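All remarks here apply to the structure that follows.
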Amino acid sequence: MPVETGGSSAAHEVIPPPLASAPAAAAGLPPEAGAPEELIQLLTPEGERVDHPDYPLDISASELRGLYRDLVLVRRMDTEAIALQRQGELGIWASLLGQEAAQIGSGRALGPQDMAFPTYREHGVAWCRGVDPLKLLELFRGVSHGGWDPAEHKFHLYTIVIGSQTLHATGYAMGIQRDGATGDGGEAVIAYFGDGATSQGDVNEAFIWASVFNAPVVFFCQNNQWAISEPLERQSRIPLYQRARGFGFPGMRVDGNDVLACLAVTRAALRAAREGQGPTMIEAFTYRMGAHTTTDDPTRYRLAGDLEAWKLRDPVERVKAYLVRSGSADASFFDEIDAEAARLGARLREACRAMPDPAPLSAFEHIYAGPHPVVDAERDAYAAYLDSFDDAGRDGHGAPPSAAGPPGEPGVPRVAQARGTGGFGRTGEAR
Amino acid sequence: MTTLTLARAMNEGLRRALEDDPKVLIMGEDVGKLGGVFRITDGLQKDFGESRVVDTPLAESGIVGTAIGLALRGYRPVCEIQFDGFVYPAFNQIVSQLAKMRYRSRGSVALPVVIRIPFGGGIGAVEHHSESPEVLFAHTAGLRVVACSSGPDAFTMIQQAIRTDDPVIFFEPKRRYWDKADVDTTASAADALPLDAARTVAEGTDVTLLAYGPMVKVALAAAAAARQDGRSIEVIDLRSLSPLDMNRISGSVRRTGRCVVTHEAPVSSGLGAEIAARVTEECFYSLEAPVLRVGGFSIPYPPSRLEEHYLPDLDRVLDAIDRTFGY
């Protein structure tokens with residue numbers, strides 16, 4: 001029987017340095033993205049269609065145009081939201097710029113019956129699931145914590161604590177198994193997370209659960225290279241998709257700026273999940289083109305040159321190039337999409353600005369299923385307190401000194417006078 | 001009526017819940033073949049199958065996080081956390097996800113998840129096996145927190161908790177698991193005292209003594225001893241720690257004029273502090289003495305050879321009762 005010794009060359013094989021460069025990178029991607037056989041690509045940055053033996057994709061011109069429309073519109077939504085934040089209409093915004101293909105490709109791979117569990121940056125997936133972008137603005141404006149019904153859209157609420165949702169996704173997938181809802185036409189789950197999240201215990205626990213219970217879940221990791229200011233090298237010594245193997249399920253890396261590759265690979269992984277083959281991890285290799293959020297300043301920690309290089313791999317432009325090259329769309333189509341994007345921007349802008357603050361007492365709603373003595377008593381007391389200012393105002397006596405000392409406006413609590421318009425704390429920082 | 005240990009009464013309650021609703025699941029470490037380290041789930045996997053009584057990987061955050069996902073799918077998971085001190089890895093999932101999902105969703109999502117936690121000391125255990133972390137959860141909006149103290153309550157309260165549409169943190173008095181009592185296992189949980197109600201377990205006129213979980217037995221013994229000194233102690237088993245049944249508590253204190261709260265958890269920022277504040281607000285003109293607290297010291301739970309000094313016992317409770325007469 002062989003005895004393992006310190007002399008075994010296999011045991012001492014040196015782990016390659018972080019993201020060791022591959023000899024030949026996939027078309028248009030940096031060397032660390034891996035060789036063509038490692039990175040799945042169906043549409044090059046130049047808009048050239050390439051085939052992959054494992055992921056044949058039959059896609060009509062109309063479907064292609066639909067994907068292009070999605071990409072343009074979610075980018076416009078993003079641009080508009082950043083502008084609204086700059087104008088003080090949103091407290092914060094987490095931009096998806098650069099990640100449109102990863103989100104639209106995977107989002108459009110979902111069937112209506114499938115369930116998605118997002119982070120707080122999946123605006124493109126939300127779009128695919130029919131969530132009105134205004135609902136996303138509500139959250140970032142501070143009007144709600146997430147105003148859509150997850151069951152209606154099969155799109156769970158945004159989760160801000162990094163990685164927590166991967167366990168919810170896995171548990172949901174275990175529910176699908178118990179319901180016997182797998183198989184042809186059955187259901188599957190997709191869990192979104194980022195490169196930073198792969199360091200979280202919850203994500204690793206989700207991998208273990210999904211693996212040992214063979215849960216029908218697809219782990220879709222958008223590796224955008226940055227967790228706020230921390231580069232991928234701080235999260236992993238090996239390419240992220242290779243982690244899956246250690247957990248006992250397949251992992252693959254896809255060009256995250258290639259909407260066709262993301263669509264094809266996610267579709268295949270969902271199919272495998274439905275067919276009882278268990279989880280898959282997809283690493284969508286992409287780049288966060290913007291700041292982490294509107295409070296972030298990436299010039300402090302990354303090179304302008306990287307950004308310029310990634311601009312050449314733009315997820316939207318390559319689809320446009322392919323549509324033109326293949327004669328699938330003409331100038332009038334692009335004009336039409338641009339006009340639609342302008343209309344979307346205008347609608348979001350106007351509706352966001354017109355969005356009222358919630359009624360103060362609504363803060364006391366939906367904490368418990370039924371009446372609750374403490375919450376109800378505090379709500380009633382606060383209602384009486386607010387009413388006391390109305391009475392004071394009507395009587396012309398001004399607010400009580402304890403609440404609205406000079407130079408307070410009569411009948412209005414001091415805090416309401418001091419509070420500016422538009423959203424919650426500007427310093428709020430999420431990862 | 002059947003004479004059962006508290007542990008067995010828990011088991012019967014869980015069995016009933018599994019029978020009554022096919023959506024009820026049990027998840028945790030060693031809950032299957034072993035029946036849990038305290039045998040609370042003994043025989044349940046054999047009778048209800050591996051998909052309803054699930055031996056999970058050893059990761060508490062994973063247990064609660066996947067339970068949330070199952071609840072989103074319409075299931076009613078009952079998670080077992082093996083010991084009090086092992087709940088902290090799941091703290092984020094409980095506090096930031098489980099407790100807040102209904103609020104986050106503006107009422108469109110309910111998470112009927114029960115988290116069972118054997119708590120408290122007195123069993124000579126090693127570190128992390130004797131803690132009383134209930135106030136961490138009582139401080140979190142969106143959770144209901146309860147503690148049973150007897151077999152009959154264990155049997156009905158666990159069923160009520162499982163039927164609740166809010167998440168419930170269910171504390172079980174581990175040093176009382178082996179205490180026997182007559183339990184009516186035909187009793188209907190729906191007809192039992194509501195889950196958020198306290199129960200007066202001994203009537204009295206001089207002092208209101210509040211306790212829950214393992215301390216109810218100590219409180220009853222203290223009341224019996226005080227009676228020999230001519231003092232009449234009213235003992236209330238809180239049962240619900242969040243929300244508190246302040247109607248019953250304040251109603252009693254207004255009659256007795258004195259209040260002592262006892263729990264194993266440290267008194268600093270403990271449940272007794274909350275009760276003292278509320279009793280003072282609600283019963284100020286009836287109070288003959290400040291509300292006194294008898295609990296664990298504000299130290300980490302000590303090595304078990306010292307726990308008899310740490311845990312409030314009969315004498316320390318009686319001492320506090322004496323002191324309330326010193327004002």
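The values are calculated or read from the model by the stated rules, or taken from the named source; none is laboratory data. What you are looking at is a predicted structure, and each value in this text was computed from that prediction instead of being measured. Cβ coordinates were reconstructed from backbone atoms using ideal geometry, including for glycine residues, and neighbour counts include every protein chain displayed.
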Q | Matching helices (runs of 4 or more DSSP H) fully within the stretch B:176-291 where at least 1 residues are away from chain A (no Cβ under 14 Å), within 30 Å of B:E19 (Cβ to Cβ) and touching a Ser or Thr at 6+ places or on another chain (Cβ under 8 Å) | A | B:215-228
Q: Report, by residue number, each residue of the stretch B:208-237 that is aliphatic (A, V, I, L, M) and in contact with a helix residue (DSSP H, G or I) (Cβ under 8 Å, 6 or more places away or on another chain).
A: B:L209, B:L210, B:A211, B:V218, B:A219, B:A221, B:A222, B:A225, B:A226, B:I233, B:V235, B:I236
**Q.** Single match in A:Q103, A:Q113, A:Q165 (criterion: within 10 Å of chain B (Cβ to nearest Cβ) and either under 17 Å from B:N92 (Cα atoms) or of a type outside the set (V, I, T) (or both))
**A.** A:Q165
**Q.** Count of residues meeting criterion [acidic (D, E) and part of a strand (DSSP E or B)] in the stretch B:143-175
**A.** 1
Q) Within the stretch A:154-173, how many residues turn out to be in contact with a Ser or Thr (Cβ under 6 Å, 6 or more places away or on another chain) and farther than 18 Å from A:A94 by Cα? A) 3
Q | Single residue of B:R116, B:R102, B:R39, B:R16 found to be at pLDDT 95 or above, in a loop (DSSP other than H, G, I, E, B) and not aromatic (F, W, Y) | A | B:R39
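Of the residues A:G305, A:G276, only one is touching a residue at least 12 places away in the same chain (Cβ under 8 Å) and more than 18 Å from the chain's Cα centre (by Cα); which?
Numbers: A:G305 fails: touching a residue at least 12 places away in the same chain (Cβ under 8 Å).
Of A:G305, A:G276, the one residue that is touching a residue at least 12 places away in the same chain (Cβ under 8 Å) and more than 18 Å from the chain's Cα centre (by Cα) is A:G276.
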Q: Could you look through the stretch A:137-159, keep only residues that are hydrophobic (A, V, I, L, M, F, W, C) and touching a His at 6+ places or on another chain (Cβ under 9 Å), and pick out the one that is nearest to the other protein chains (Cβ to nearest Cβ)?
A: A:L157
Q) Taking A:L323 and the conditions (1) over 21 Å from A:A101 (Cα atoms); (2) not in a loop (DSSP other than H, G, I, E, B), which numbered condition does it fall short on, given that it satisfies the others? A) (1)
Q. Out of curiosity, is A:L90 surrounded by fewer than 24 Cβ atoms within 10 Å (Cβ to Cβ) and over 14 Å from the mean Cα position of the chain (by Cα)?
A. no
Q) Looking at the stretch A:59-74, is at least one residue over 15 Å from A:N257 (Cα atoms), in the same structural domain as A:I190 (by TED's automatic domain parsing) and part of a loop (DSSP other than H, G, I, E, B)? A) yes
(Q) Every residue in the stretch B:42-74 that is surrounded by 20 or more Cβ atoms within 10 Å (Cβ to Cβ) and part of a loop (DSSP other than H, G, I, E, B), please. (A) B:T56, B:A59, B:R73
Q: Filter the stretch B:19-36 down to residues that are without any contact (Cβ under 8 Å) to a residue 40 or more places away in the chain and in a loop (DSSP other than H, G, I, E, B) and give me whichever is nearest to B:R176 (Cα to Cα).
A: B:G35
Q. Could you count how many residues in the stretch B:296-327 are of a type outside the set (K, R), touching a strand residue (DSSP E or B) at 6+ places or on another chain (Cβ under 7 Å) and farther than 17 Å from B:E234 by Cβ?
A. 6
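Of the residues A:N214, A:N224, A:N204, which single one is more than 13 Å from chain B (Cβ to nearest Cβ) and either under 19 Å from the mean Cα position of the chain (by Cα) or not basic (K, R) (or both)? First the steps, then the outcome.
Working: A:N214 fails: more than 13 Å from chain B (Cβ to nearest Cβ); A:N204 fails: more than 13 Å from chain B (Cβ to nearest Cβ).
Sole residue among the options that is more than 13 Å from chain B (Cβ to nearest Cβ) and either under 19 Å from the mean Cα position of the chain (by Cα) or not basic (K, R) (or both): A:N224.
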Q.
So if I check each of B:Q82, B:Q97, which one is within 18 Å of B:F170 (Cα to Cα) and more than 14 Å from chain A (Cβ to nearest Cβ)?
A. B:Q82
